[in-house]
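What follows is a single structure, written as structure tokens, with notes after it.
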């Protein structure tokens, strides 16, 4: 199994990408969730955070448009995470 959920977000700069990634990692570690792997953090325009059941994709805007993961996974149901975030 690949993952139960993909979270896709974007940023406008490398600095913003790194800030998002750092905050995600900090929060999941606080919640005692294991960060299995982080790919692309060293100068990447697309960083992937593997949390096991959840894969977080943090794109620079142009990369998100180019790879268009939403189209690739268009048959998967969308989930509103607002209910999960406090």
**Item:** Computed [θ] at 222 nm, helices only, for the chain once each DSSP H run of length n ≥ 4 contributes -39500 (n - 2.57)
**Value:** -9500 deg cm²/dmol
**Complete:** For Cα extents along the principal axes in Å, with candidates (1) 32, 31, 26; (2) 55, 34, 14; (3) 39, 23, 22, the value calculated from the shown model is option (1)
**Asked** What share of the DSSP beta bridges in the chain is antiparallel, in percent to the nearest 5?
**Response** 55
**Message:** Just to confirm my numbers, what's the Cα centroid distance between the range 56-75 and the range 1-46 in Å?
**Reply:** 14
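All of the numbers you see were taken from the coordinates with simple rules; none came from a lab. Being a predicted model, the structure only gives us computed values, none of them experimental.
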